[in-house]
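Computed from the coordinates by the stated procedures, all read-outs in this text should not be read as laboratory data. As the structure is a prediction and not an experimental result, all values here were calculated from the model. Cβ coordinates were reconstructed from backbone atoms using ideal geometry, including for glycine residues, and neighbour counts include every protein chain displayed.
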Amino acid sequence: MPAFGLGTWRMGEHPDHFGHEVDVLRTALDLGVTLLDTAEMYGEGGAEEVIGEAIQGRRDGLFLVSKFYPHNASRNGVIEACEGSLRRMNCDYVDLYMLHWPGSVPLAQTFEALHELKDSGRIREFGVSNFNLGDLESIPEADQQQLGCNQVFYNLAHREVEWEVAPWCQQRGVPLMAYSPLDQAGSLLQSPAVAEVAERHSASAAQVALAWLLHQPNTVVIPKSVRPERIKENLAAMEINLNEQDLSELDNAFPAPAQAVRLGMR
């Protein structure tokens, strides 16, 4: 799985933006982005349709990620949801298919369907999103070792995942995929500590925030942008190597949780 991808939340919501959003994704692919993250929830399938148009003739070499609603997590529901996503993206398989957040359907049913999809070649790997420790431990034990990812709200200003979830995933080799890695352009990017590190590296605050996440073990980032220049800027974060001084200063400004804390979610 690539370490850097492009999120598509809020895409596909307005028909008059469709052409521009397709162009943005094509530009991202031209710049070297190979992972696209989406969900049936985004624009109620609209974002998947944008991806479907953008990747025509370019499916090879891409890593497509999609997610299904908890209310579609039954055995038959997962199969139907996946087939809908494949139709909208006009492709034969999804590289990583995830339950968007925990729901009420017994997970044994969900994972039975995911195995069927994997065995049939419609998905390559399966995973979960927004799962806290209790949710992860409720996954059938045989499937815990096979998770391809836990997608979580994670950034320098919100490190709740590090209390329990990240250690559990690291012990099992389960990658974390950090959504909202820039905290939706909130106060994180105005931080003096981030600015100081950025100045030393002749980088932007966003690049430093992404570089910090990329430094974390087995962590993927999926910042969303509809501006080609910002996508190019974000990609350049992969070239930044933070040193011990940088990491120490950032850690002091944004410490990891020192006591039990709920997993963040956006």
How about Lys232: which aspartates and glutamates have a C-alpha closer than 20 Å to its C-alpha, ignoring those fewer than 8 places off in the same chain? Glu21, Asp23, Asp30, Asp37, Asp183, Glu199
If the cut-off is 21 Å between C-alpha atoms, which lysines fall inside it for Lys67, apart from same-chain ones fewer than 8 positions away? Lys118, Lys224
Estimate the FRET efficiency between Ser138 and Asp60 by the formula 1/(1 + (r/R0)^6), using the beta-carbon distance for r and 35 Å for R0, to the nearest 0.05. 0.45
If neighbour count is taken as other Cβ atoms inside 10 Å, put Tyr97, Tyr179 in order from fewest to most. Tyr179, Tyr97
Percent of Cα pairs exceeding the 35 Å cut-off, where the set is the chain: 14
Charge context of Ala108, other residues only, Cβ under 10 angstrom, K/R +1, D/E -1: -1
Nearest-5 percent of antiparallel DSSP beta bridges in the chain? 5
Restricting to Cα pairs under 8 Å and 6 or more apart, the percent relative contact order of the range 124-188 works out to 35
With only alpha-carbon pairs counted, each pair once and no self-pairs, how large is the Kirkwood hydrodynamic radius of the range 123-210 in angstroms? 14.4
Given only helices, namely DSSP H runs of n ≥ 4 each adding -39500 (n - 2.57), what is the per-residue ellipticity at 222 nm of the chain, to the nearest 500 deg cm²/dmol? -11500 deg cm²/dmol
Would you please give the residues with an amide H less than 5 Å from that of Gly264, counting only those at least 5 places away or on a separate chain, with H modeled from the backbone geometry? Glu160, Val161
Subtracting the Cα-Cα distance of Ala253 and Ala3 from 0.36 nm times their residue separation yields 87.5 nm
Pairs of alpha-carbon atoms within less than 8 angstrom and 6+ residues apart define the contacts here; what relative contact order does the chain have, in percent? 18
Cβ-based net charge around Lys118, under 12 Å, with every Lys or Arg adding one and every Asp or Glu removing one: -4
Compare Glu229, Glu83, Glu48 in a GNM of the chain, Cα atoms joined below 10 Å, and give the one with the largest fluctuation. Glu229
Using Cα centres only, tell me the gap between the range 100-155 and the range 180-231 in whole Å. 28
Theoretical FRET efficiency, 1/(1+(r/R0)^6), r = Cβ-Cβ of Asn243 and Thr34, R0 30 Å, to 0.05: 0.60
